[in-house]
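What follows draws every value from the coordinates through simple rules; no lab data is involved. Every value quoted in this text rests on a predicted model; they were computed, and no experiment measured them. Note: ideal-geometry Cβ built from the backbone for every residue, glycine included; neighbour counts use all protein chains shown.
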Amino acid sequence: MPVVTISRKGEERVQAGHPWVYRSDVQQVDGAVAGDIVRVEGPRGRPLGFAFFSTRSEIAVRMVAGPGEEPSADFWRTRITAAAAYRESLRFDATAYRVVYGEADRLPSLIVDRYGDHLVVQALSQAVDRALPAITHALVDVLQPAGILARNDPRVRLLEGLEQRVEALYGTVPEAIDVREGAVEYRVDPWRGQKTGLFLDQRENREAALRYARGRALDAFSYNGGFALAIAPRCEHVTAIDISADAVARIRTNAAHNGRANVEAREMNVFDELRELQRTGAQFDTIVLDPPAFAKNKAAVRKALSGYKEINLRAIKLLRPGGVLVTCSCSYNVSESMFVDIVSDAAADARAEVTLVEKRTQGRDHPILLNVPETYYLKCLILRKVA
Ligand code: SAH
């Protein structure tokens, strides 16, 4: 097996429980090529374990096993079985959920989502890409899907020198798959939908929102109507807004399919529409804000914070006393405390008294790996405007 020797700093990082070693901490590479599984050693030859090796990414080494756990022929099957067993144990009332969440399942850079009888995979490093035939074999063996789609179009693949490509790896994968989340049925397009088709990480937050929702509601940044459809049974009327015509068409299809005549979809820019609603004196009992990641990198944090501040300030003003705001940020670069601070500033500027009812994160099928802060990205606050 090829050997990669890393620096003292890299060694300390691995021993502190972080699986990534940056290129600047790689001292020597003996015989490793793109996507190999390598033996990793410290600067004095201490065995640190086994890792995926990349020749292109800044993350040159992704640890997958400790020194006594050399990956054998059934590596993929064993890891996928463990990941699937954990999801099974959660007994979700849903037919769509994440089966493998990268680092948190000791399978860095591999994503596997389940949509009913179909699986959608993403290979986000050279090693996982090279292993796709073995991964496909293991997935078929463990989960017996009707089809497997590779949604290998995320831009991060370019950093690995991998092309963007969407293709069926096994069986057939239709353009419309019907899945269920609690009482809501969705029609999902795994080939073209955002992410792998649905925002699965918000499933439990959609369920939580239902517990508080009532009256006149606004679901801003709705995509295919996830929050709107989840809360509709408790609300008189829900306005779902998205800037994408394709998303709005999905909201309408899903609302009709679920018989939710009280969900109305509008193709608009949320920033403009919140301003307009405020101007006309509109009031709501429930508002959901689930924008895309405003801070895709550290340089974008300042601008992102002002975006979060603006939409939260306007939403708090639009709420009636007693109203509920479900506000989310999926920017990894905006920490939980930064997000709470921004929303607190918004409440102060709105001269509103607001209580924090629940502090939530991504669903349990996307577990946060302690010591790997990058796996904690989604924040979801449920707030109540007291006065
Ligand atoms: N709430 C959804 C996920 C939302 S993803 C769910 O639970 O599934 C973010 C959505 O915001 C995307 O659909 C994107 O099209 C939309 N979007 C991005 N910028 C926007 C803007 N300025 N105004 C309205 N929608 C926007």
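Numerical summary
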{"item": "Point-charge dipole on Cβ atoms (K/R +1, D/E -1) for region 244-387, about Cα centre, debye to 20", "result": "100"}
{"item": "Where the Cα pairs of region 5-82 fall when distances are cut into 10 Å bins, in %", "result": "20, 55, 23, 3"}
{"item": "Long-range Cα-Cα pairs in the chain (distance over 26 Å), rounded percent", "result": "55"}
{"item": "Residue-span extension gain [D141 to R252] - 0.36 nm each, minus C-alpha spacing", "result": "36.2 nm"}
{"item": "Stretch gain in nm, segment L90-L370, where the contour uses 0.36 nm per residue and the Cα spacing is subtracted", "result": "98.8 nm"}
{"item": "Entries of K296/K379; K9/K359; K298/K385; K9/K195; K317/K379; K9/K296 with Cα pairs more than 23 Å apart", "result": "K9/K359; K298/K385; K9/K195; K9/K296"}
{"item": "Residue (of I342, L218, I177) at the positive-pole extreme of the chain, dipole from beta-carbon charges", "result": "I342"}
{"item": "Relative packing of peptides 84-96, 283-295 - highest average C-beta neighbours within 10 Å first", "result": "283-295, 84-96"}
{"item": "From phi via Karplus (6.51, -1.76, 1.60), per-residue ³J(HN,Hα) for region 203-216 in Hz, x at Gly/Pro", "result": "3, 6, 6, 5, 4, 4, 4, 4, 5, 10, 5, 5, x, 8"}
{"item": "Packing rank of 38-45, 158-165, where each peptide gets the mean count of other beta carbons within 10 Å, highest leading", "result": "38-45, 158-165"}
{"item": "Relative packing of peptides 233-240, 123-130 - highest average C-beta neighbours within 10 Å first", "result": "123-130, 233-240"}
{"item": "Magnitude of the charge dipole, the chain, Cβ model with Lys/Arg +1 and Asp/Glu -1, debye to 20", "result": "880"}
{"item": "Fully extended contour minus Cα-Cα distance, from D341 to K309, at 0.36 nm per residue", "result": "10.6 nm"}
{"item": "Relative contact order (%) - criterion: Cα under 8 Å, at least six apart; region: region 191-261", "result": "28"}
